1. Check whether at least one residue in the range A:87-97 is closer than 16 Å to A:Leu164 by Cα, outside the structural domain of A:Thr183 (by TED's automatic domain parsing), open to solvent by 10 Å² or more (accessible area, probe 1.4 Å) and over 19 Å from the mean Cα position of the chain (by Cα), and report yes or no.
2. Could you please find all residues in the range A:68-95 being within 11 Å of chain B (Cβ to nearest Cβ) and either among the aliphatic types (A, V, I, L, M) or free of Cβ contacts under 8 Å to residues at least 40 places away in the same chain (or both)?
3. Hey, among B:Ser199, B:Ser217, which residue is touching a helix residue (DSSP H, G or I) at 6+ places or on another chain (Cβ under 8 Å) and modelled with pLDDT of 95 or more?
4. Take the residues of the range A:139-155 that are more than 13 Å from chain B (Cβ to nearest Cβ) and either acidic (Asp, Glu) or within 13 Å of the chain's Cα centre (by Cα) (or both): which is most open to solvent (accessible area, probe 1.4 Å)?
5. Is it fair to say B:Asn52 is touching a strand residue (DSSP E or B) at 6+ places or on another chain (Cβ under 9 Å) and either within 22 Å of B:Ala211 (Cβ to Cβ) or of a type in the set (Gly, Ala, Ser) (or both)?
6. Pick from B:Met191, B:Met209, B:Met222: which is more than 8 Å from chain A (Cβ to nearest Cβ), part of a loop (DSSP other than H, G, I, E, B) and of a type outside the set (Lys, Arg)?
7. Return only the number of the condition from (1) surrounded by fewer than 15 Cβ atoms within 10 Å (Cβ to Cβ); (2) farther than 30 Å from A:Phe248 by Cβ that A:Asn41 does not satisfy.
8. Just for the range B:50-66: of the residues that are buried (at least 20 other Cβ atoms within 10 Å of the Cβ) and aliphatic (A, V, I, L, M), which one is nearest to B:Ile104 (Cα to Cα)?
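The values are calculated or read from the model by the stated rules, or taken from the named source; none is laboratory data. For clarity, every value in this text was computed on a predicted model and none was experimentally measured. So basically every Cβ, Gly included, is an ideal-geometry build from the backbone, and we count neighbours across all protein chains shown. The accessibility values were calculated without ligands, DNA or RNA, using every heavy atom of the protein model including side chains. Shrake-Rupley method; radii C 1.70, N 1.55, O 1.52, S 1.80 Å.
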Amino acid sequence: MLKITSLNKTFNPGTVNEKRAICDVSLTVNDGDFITIIGSNGAGKSTLLNMIAGNVSTDSGHIVLGDKDITYFSDVKRAKFIGRVFQDPMMGTAPDMWIEENLALAFRRTKSHTLKWGIKASERELYIKTLAQLGLGLEDRLRSKVGLLSGGQRQAVTLLMATLQKPELLLLDEHTAALDPKTASTVLELSDKIIREHSLTTLMVTHNMQNAIDYGNRLIMMHEGRIILDVAGEKKKALTVEALLKQFEALSGAEFSNDRALLS
Amino acid sequence: MLTTILSGVAQGLLWAILTVGVYLTFRVLDIADLTIEGTFPLGAAVSVMLINSGMNPFLATTIAVLIGMCAGVFTGFLHTVFKIPAILSGILTMIALYSVNIRIMQDKGTVSISGSTVKSMLSDFLTGNFSKLFENGIKSNTLSMGTGLLTCVLIVSLLYLFFGTEIGGAIRATGSNKNMARAMGINTNAMIVLGLALSNGLIALSGSMIAQFDYGSALVNMGQGTIVIGLASVIIGEVIFIHKDHSFAYKMGAVIVGAVIYRTIIACALKIDWLKATDLKLITAVIVAIALALPVFKEKAAAMKRKRSNREVA
């Protein structure tokens, strides 16, 4: 369970560029929740994810994961519990290392690093089996450098890496935004399959309202650093894009503006 | 001519240890570490002073390596804890080491070795125990070559094993994609410090060996230009031998041969009558520039070839 209480973050405080990115956000994510997060530009979606992952420090408030208060844990320490997939497909994998070496690093995410062999022969079977799920033929290319793969393939590998050791929390930050539509839907389907299979607690930021409605069991809408809508279960299933846009205008008093959302 | 080449090869094998150290930071960690210009004379100064005080040369060399590693750790701290850019961190340590080295050498610019070195001990050992093989004594070049080659093989084997371990993999991941490494729970700061320590340990070893096998003394200025020499050797090795995705051990071998080629060219160039010893730096710059430009020439030549064959078909 992830419990966020009265979280605040202001960038460049005391300057003309002051920006209250997160204002008094409280959120309880139950185990097994798959929450989609939408919102207009600068709503604080990515900042929230970065604060949970430890890449952005907290001004005030607390983040509790399971029974650990992780508010002041470093990003490296949090990585033991949290799996991440970034928006940029280049960010989640080491391009100069083989596919199997990348997976081996992911396999050791939760452990401390020692002078034992970095990859054991017995692990390869697991990697081949996991890669085969992707249906991209990567299981025959264990010794290809990841840098040679396409963006979609790299994002799929990153997804496997984030979930190879079951994380307590999975953070997906617009992880299909940089992919072409067909690849994006493949990667999204794959994410959904993996999340269901392992009943992973997940937060997924997306710019695509239809995807936000179709996937997950709960939907959160953010605006100017606040959560303005939180729907779950049957109510979420009944949502449509039009209804969401109307709700947004009623709740925020502004027009929904997201350069990418308009296109999709 | 043959002796010139042989002495070039012998020197090259000793300098190759430095090249491997440069490769670790420059290619594996993706950091241009200038600390080495201070670590190289540091290794020489520490071992020469300890040998002159009567210490066993093998022990003195080991201590020199450990102190060299400390210099790397210092640069690593400046870079990771205080977020000073890597190049600047290296420069700071390098400039500090200049004063430290002079203190170690007790205010002298040059200190000659007056005691038994690793070289003399090996020579005595070999002529004493294998007198039939070395009836006419053992040549200095042969001894340098043998020791250099053995040391290189040993170091490459150890590094090959090390980079196959979890920590070794974590260092490579840190150099390849820091973001990803952190998301995989790797303490990238610790890995950078460790990598710099390893690299500078090798550089100090190289300095210590050069002092004992080649110069016969420690010079406070012997570090000048070592970063360029290291990079030159790495690039020559890569340009000549590495065309596709090779294994780690192969790449190491390639940069070692690169160091040998570089030293041989330098040794031969110095035999040319109208060149002076002080032209060395100029020659180095020319060699590095040519090595760096080689891929461009290759590409140009290939493009010309394509263009020509295209015209013929049309």
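1. No, the range A:87-97 contains no residue that is closer than 16 Å to A:Leu164 by Cα, outside the structural domain of A:Thr183 (by TED's automatic domain parsing), open to solvent by 10 Å² or more (accessible area, probe 1.4 Å) and over 19 Å from the mean Cα position of the chain (by Cα).
2. A:Ser74, A:Asp75, A:Val76, A:Lys77, A:Arg78, A:Ala79, A:Lys80, A:Ile82, A:Val85, A:Met90, A:Met91, A:Ala94
3. B:Ser199
4. So, considering only residues that are more than 13 Å from chain B (Cβ to nearest Cβ) and either acidic (Asp, Glu) or within 13 Å of the chain's Cα centre (by Cα) (or both), the one most open to solvent (accessible area, probe 1.4 Å) is A:Asp140.
5. yes
6. B:Met222
7. (2)
8. Residue satisfying both the conditions and the ranking: B:Leu50.
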